[in-house]
Amino acid sequence: MFDYLIVGAGFAGSVLAERLATRSNKKVLVVDKRNHIAGNAYDHYNEDGILVHKYGPHIFHTNSKDVFEYLSNFTDWRPYEHRVLASVDGQMVPMPINLDTINKLYGLKLNSFEVEEFFESVAEKVPVIKTSEDVVVSKVGRELYEKFFRNYTRKQWGMDPSELDKSVTSRVPTRTNRDDRYFTDTYQAMPLHGYTRMFERLLDHPNIKVMLNTDYHDIMDFIPFKEMIFTGPVDEFFDFKYGKLPYRSLEFKHETLNTENYLAAPVVNYPNDNLYTRITEFKALTGQQHPKTAIVYEYPKAEGDPYYPVPRLENAELYNKYKKLADETPNVHFVGRLATYKYYNMDQVVAQALTLYKKLTEKSAEEAPRKPAISGSTELVEKLVARSPSKP
Ligand SMILES: Cc1cc2nc3c(=O)[nH]c(=O)nc-3n(C[C@H](O)[C@H](O)[C@H](O)COP(=O)(O)OP(=O)(O)OC[C@H]3O[C@@H](n4cnc5c(N)ncnc54)[C@H](O)[C@@H]3O)c2cc1C
């Protein structure tokens, strides 16, 4: 009998498994339909021995001391501040737009005060900011919007910024100084031995069993458990009762090159050229020394694995219908980016999982023991668990 069946071995599922097993002495079964743990943060050594992120570059950054300290129990860190260049008008310029971006692009020698005046002179008046286009043109004007944002957003989302919620471009700041870091969070670092190693340590406890290559639909009627933690897509859980929640997907094209270094920055964005949006060079993120280098191209697409919830009003309304069902489902807890249909960074998902753990412990302290929600054959569980590799 498991106390919890956890669907998904990403950040949400693995953090909850760790807390429940080690702090509350609960028996936990974690299932994932993929052949590895770590969800989208999964990294591995490719055939040339270079550490790569299978699902695109994952950079850890947070302002939360609690989240950073919690994860530090499972990994050492490599200090790392992320930097991005954008290829625009045949030049490589810092992204987010800063003082150097403007000076290099226009051949100017402005200082911070002058560039602020420059932005003010080109910014358009937008009475009510509603869309992603409004956000950008009201800050840096139409020309920079066209050069840096419009085509990038069209590639990334398959939609014009004027059709997308303001939240998409609000995330990207504009700076009047020379700070070229992509993030300004207090804690910026990469797990020293990679994300997957960190997840192995999170899940390494006698109370935790992991079953990979397993869709929860295939086992949930046979495995006895009391409660479920669900980190998969919420619409799938309810058999798409109200229709599919729209996602944008990506195709990752990984390559190893016979050269020690390739890009001028860890990531180069291509707003206007090529079908891909950006290229990442992994050794720049991981600090690995190797005579070859590994890169990944990202090609946005409409179909495929669900990566980015599409931020439009009608989608939020559709999600709210599923959320109502989720709230009314007893003994199932929905957590993580797919179960709550929201783009979250890794640290936000860890925080969400830690908050749910606190709620669960408060709840179990209040409640008397009760009957299992679903029951099945324990013999089968032992067999299924024994068959499933616990490590990728
Ligand atoms: C391209 C890309 C780049 C990103 N870069 C960053 C970054 O630089 N920094 C950052 O902080 N965040 C980044 N993120 C976000 C980060 O990936 C998420 O915050 C994090 O992975 C969310 O964890 P999760 O556990 O909610 O979901 P996931 O990691 O997706 O885990 C959910 C798991 O559930 C499993 N699952 C789904 N359905 C079923 C089922 N039916 N049965 C069994 N298992 C199932 C899935 O296989 C998956 O492994 C990026 C995301 C993407 C897409």
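The values are calculated or read from the model by the stated rules, or taken from the named source; none is laboratory data. All figures in this text were calculated on a predicted structure; none of them were measured in a lab. When we count neighbours, we look across all protein chains shown, and the Cβ atoms used for this are built from the backbone with ideal geometry, even at glycine.
Among the residues of the range 330-357, the ones that are within 12 Å of the ligand (Cβ to nearest atom), in a loop (DSSP other than H, G, I, E, B) and surrounded by fewer than 21 Cβ atoms within 10 Å (Cβ to Cβ) come to 5 in all. Take the conditions (1) farther than 30 Å from Arg83 by Cα; (2) touching a Lys or Arg at 6+ places or on another chain (Cβ under 7 Å); Tyr182 misses just one of them, which is (1).
For the range 174-188, a tally of residues being more than 19 Å from the chain's Cα centre (by Cα) and either modelled with pLDDT under 95 or crowded, with 17+ Cβ neighbours inside 10 Å (or both) returns 4. If the condition is being among the small types (Gly, Ala, Ser) and over 24 Å from Ala9 (Cβ atoms), then the range 42-91 contributes Gly49, Ala86, Ser87, Gly90.
So that you can scan it fast, the table gives a plain yes or no per residue for (1) within 14 Å of Ile102 (Cα to Cα); (2) outside any helix (DSSP H, G or I); (3) not aliphatic (A, V, I, L, M):
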| residue | (1), (2), (3) |
| --- | --- |
| Leu144 | yes, no, no |
| Phe148 | yes, no, yes |
| Thr153 | no, no, yes |
| Ser162 | no, no, yes |
| Val172 | no, yes, no |
| Arg178 | yes, yes, yes |
| Asp185 | no, yes, yes |
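For the range 193-233, a residue qualifies if it is part of a strand (DSSP E or B) and of a type in the set (Asp, Glu), and exactly one does: Glu227. Inclusion of Thr75 among residues that are hydroxyl-bearing (Ser, Thr, Tyr), under 16 Å from the mean Cα position of the chain (by Cα) and within 15 Å of the ligand (Cβ to nearest atom) is not warranted.
Taken together, Tyr297, Tyr216, Tyr270, Tyr262 contain a single residue that is closer than 30 Å to Leu318 by Cα and crowded, with 16+ Cβ neighbours inside 10 Å, which is Tyr216.
Name every residue in the range 264-288 that is in contact with a Leu (Cβ under 8 Å, 6 or more places away or on another chain) and assigned to a loop (DSSP other than H, G, I, E, B), in order of residue number. Result: Ala264, Ala265, Pro266, Gln288.
Name the residues in the range 264-304 that are among the aliphatic types (A, V, I, L, M) and in contact with a helix residue (DSSP H, G or I) (Cβ under 9 Å, 6 or more places away or on another chain), would you?
Ala265, Val267, Leu275, Ala294, Ile295, Val296
Looking across Glu69, Glu18, one residue alone is within 15 Å of the ligand (Cβ to nearest atom) and part of a helix (DSSP H, G or I). It is Glu18.
Within the range 35-66, the residues that satisfy the criterion of being near the ligand (Cβ under 10 Å from one of its atoms) and more than 19 Å from Lys283 (Cα to Cα) are Asn35, His36, Ile37, Ala38, Gly39, Thr62. Thr361 satisfies every condition listed in (1) surrounded by fewer than 16 Cβ atoms within 10 Å (Cβ to Cβ); (2) touching a helix residue (DSSP H, G or I) at 6+ places or on another chain (Cβ under 7 Å); (3) not charged (D, E, K, R) except (2). Just one of the listed residues (Phe230, Phe252, Phe199, Phe225) is away from the ligand (no atom under 11 Å from the Cβ), at pLDDT 95 or above and either touching a Gly at 6+ places or on another chain (Cβ under 9 Å) or closer than 20 Å to Gly336 by Cβ (or both), namely Phe225.
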